[in-house]
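> Structure in structure tokens, see below.
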Protein chains: 2
Amino acid sequence: MSADAAPHAKPDLTRNQALVFGALEGAEAPLSAYTILDQLRDDGLRAPLQIYRALDKLVAFGLVHRLESLNAFVACNHPAGEADGESHGTAAFAICENCDSVAEFTEQDVAERLRSWAKTEGFEPHSTVIELRGLCEACRAA
Amino acid sequence: MSADAAPHAKPDLTRNQALVFGALEGAEAPLSAYTILDQLRDDGLRAPLQIYRALDKLVAFGLVHRLESLNAFVACNHPAGEADGESHGTAAFAICENCDSVAEFTEQDVAERLRSWAKTEGFEPHSTVIELRGLCEACRAA
DNA sequence: ATCGCACACGTTATACCATCACGCAATAAT
DNA sequence: ATTATTGCGTGATGGTATAACGTGTGCGAT
Ligand SMILES: [Zn+2]
Ligand SMILES: [Zn+2]
Ligand SMILES: [Zn+2]
Ligand SMILES: [Zn+2]
């Protein structure tokens, strides 16, 4: 195999991973695995497992986040920092229930407080889910 | 109908609601809707919808929480016995990936910080999901 | 009384989400 | 060459959630 699908400064993605990531990057709302599959049929993807395998890797790379309250996925869109280091464990999401937009943010104090609680209780956190559901500013105005 | 909205009123439960709530109270781990269904076959419940309808009500009453990262449900078990009022919107959960135990807790500062972010961004939150996945103290020791 | 309405209930069918189990191919190490 | 690792493709299966329809009961208004 020669080609790499996109000249971006990311870890080397396989063809399937690049296709799935492209779908998520181009979307304006979270996509379910099956929606991604539908969009990629013309590119030769046919089975859910092809999507889920790619998503697993992309999540592991930190390029994609899974939204637990939606059973759906978004491309990482950190406010400032990039896809490495501390920010991974602490990302939070504000999901608009009207327009499906997702704002990704990090509140250091929130993560701090949760870590502090865990330490006190002897709990060893491996991952943290923080998701706000509600109305974004634009939809509130309308 | 009970006009009682929030404070220490355990609304009258219908038969199905009582059965589902009983199953959750008696469990030591979160239960999926279908697991509850299996447990209640002998009581005459036969279809998923009967479970989901009861769960919707119980969640609305604040007697049960849905764990988004597990697609499962637990009976409310607030730490200090404040089983009503303010604490509902801000509950957080620490879920052990080894023994499936769930600790429910509230960190006022966490809720505060998230509300503060929302206010700044013009986001109007309707509900908040905070779930920690990891190892509880007992399982860490073992 | 009986009509209308709200609400819980029961059932079937279907849609949507996720993984298992198998086998094959390409690559890297021994 | 043999083995280990990783990604890929496919069919089958299992788990989660709702749509659509119809029934029955309680209760206030007529
Ligand atoms: Zn991110
Ligand atoms: Zn919106
Ligand atoms: Zn609670
Ligand atoms: Zn444990």
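The values are calculated or read from the model by the stated rules, or taken from the named source; none is laboratory data. All of these numbers come straight from a predicted model, not from anything done at the bench. So basically every Cβ, Gly included, is an ideal-geometry build from the backbone, and we count neighbours across all protein chains shown.
> Consider the range A:91-112. How many of its residues are surrounded by fewer than 17 Cβ atoms within 10 Å (Cβ to Cβ) and either over 25 Å from residue B:121 (Cα atoms) or at the interface with chain B (Cβ under 8 Å from one of its Cβ atoms) (or both)?
Qualifying residue count for the region: 2.
> Could you tell me which residue of the range B:46-68 is nearest to ligand 2 (Cβ to nearest atom), considering only residues that are within 14 Å of chain A (Cβ to nearest Cβ) and in contact (Cβ under 8 Å) with a residue 40 or more places away in the chain? Outline the logic, then answer.
We begin by selecting, within the range B:46-68, every residue within 14 Å of chain A (Cβ to nearest Cβ); these are B:59, B:65-68.
Those left that are additionally in contact (Cβ under 8 Å) with a residue 40 or more places away in the chain: B:67-68.
Details: B:67: 25, B:68: 20 Å.
Among them, the one singled out is B:68.
> Could you check the range B:31-142 for helices (runs of 4 or more DSSP H) lying wholly inside it with 1 or more residues that are out of contact with any His (no Cβ under 7 Å at 6 or more places or on another chain) and within 16 Å of ligand 4 (Cβ to nearest atom)? Break it down into steps so the answer makes sense when it comes.
Values: elements: B:33-39, B:48-61, B:108-121, B:137-141.
Result: B:137-141.
> Okay, next question. Considering B:79, B:48, B:30, which residue is touching a Phe, Trp or Tyr at 6+ places or on another chain (Cβ under 9 Å), of a type outside the set (Val, Ile, Thr) and modelled with pLDDT under 95?
Numbers: B:48 fails: modelled with pLDDT under 95; B:30 fails: modelled with pLDDT under 95.
Only one candidate passes the filter, namely B:79.
> So, one more: List, please: which pairs have Cβ atoms under 9 Å, are six or more places apart or on different chains, and start with a residue in the range A:113-142 that is more than 7 Å from chain B (Cβ to nearest Cβ) and end with one that is within 15 Å of ligand 2 (Cβ to nearest atom) and of a type in the set (Asp, Glu)?
Once the first residue is more than 7 Å from chain B (Cβ to nearest Cβ) and sits in the range A:113-142, its partners that are within 15 Å of ligand 2 (Cβ to nearest atom) and of a type in the set (Asp, Glu) give A:139/A:97; A:139/B:124.
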